[in-house]
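We did not get these values from a lab; they are worked out from the coordinates using the rules stated. Quick caveat, the model's predicted, so the values are computed rather than measured. When we count neighbours, we look across all protein chains shown, and the Cβ atoms used for this are built from the backbone with ideal geometry, even at glycine.
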Amino acid sequence: MTIEKSEKLVLEETAYEEIERDFQEVLSELSGDKSLEKFRVEYEKLHAVMRKSYDNEKRLMAKCRELNAEIVVNSAKVATALKLSQDDQTTIEIEKAWKMVDSAYDKEQKAKETILALKEEIVNLTKLVEQGSGLSMDQDSK
């Protein structure tokens, strides 16, 4: 609570205490005069309503402070949750990118293996063709 709010509460308490003293003073003056009995009863009722209103205001102000503190705490929690959510989203995107990289790497490895297999097959086929040419040349020369 700020100093300004604290000072305001002290002033309100002081004002309320002053009203209470004034009430007691007026009540003691009225109690001596029987002709003002109805006025005294109404004055006491009015004071009771004022006291109840003051107590309710204090209770409501305390509740407001409590709820404001709760709002601050919950706002911080929401901000943290949003940050974590954004971080999680970033992590998900990074993991997705790594999966794509891994997939591309796997495809590249398979392509290299296929290329090597095809090169070996070309070499084998070339040898077969050369052997076949050699055989047909041998047959031609006979």
Task: Segments 42-52, 124-134 sorted - mean Cβ within 10 Å per residue, highest first - done: 42-52, 124-134
Task: Structure-derived mean projected area of the Cα convex hull in nm² - corresponding label in (1) 15.8; (2) 8.9; (3) 10.8 - done: (1)
TODO: Please give the FRET efficiency for ALA117 paired with GLU95, using the beta carbon to beta carbon distance and R0 = 25 Å, rounded to the nearest 0.05.
DONE: 0.15
Open item on the list: I need the calculated FRET efficiency for the pair GLU25 and MET61, taking r as the beta carbon distance and R₀ as 30 Å, to the nearest 0.05.
Closed with: 0.60
Open item on the list: Suppose R0 equals 41 Å. What FRET efficiency, 1/(1 + (r/R0)^6) with r the Cβ-Cβ distance, do ARG51 and LYS83 give to the nearest 0.05?
Closed with: 0.25
Open item on the list: Run the helix sum for the chain: -39,500 (n - 2.57) per DSSP H stretch of 4+ residues, divided by residue count, reported at 222 nm to the nearest 500 deg cm²/dmol.
Closed with: -36000 deg cm²/dmol
TODO: Enumerate the lysines that LYS119 could reach by cross-link, defined here as Cα to Cα under 24 Å, with residues fewer than 8 away along the same chain left out.
DONE: LYS107, LYS110, LYS127
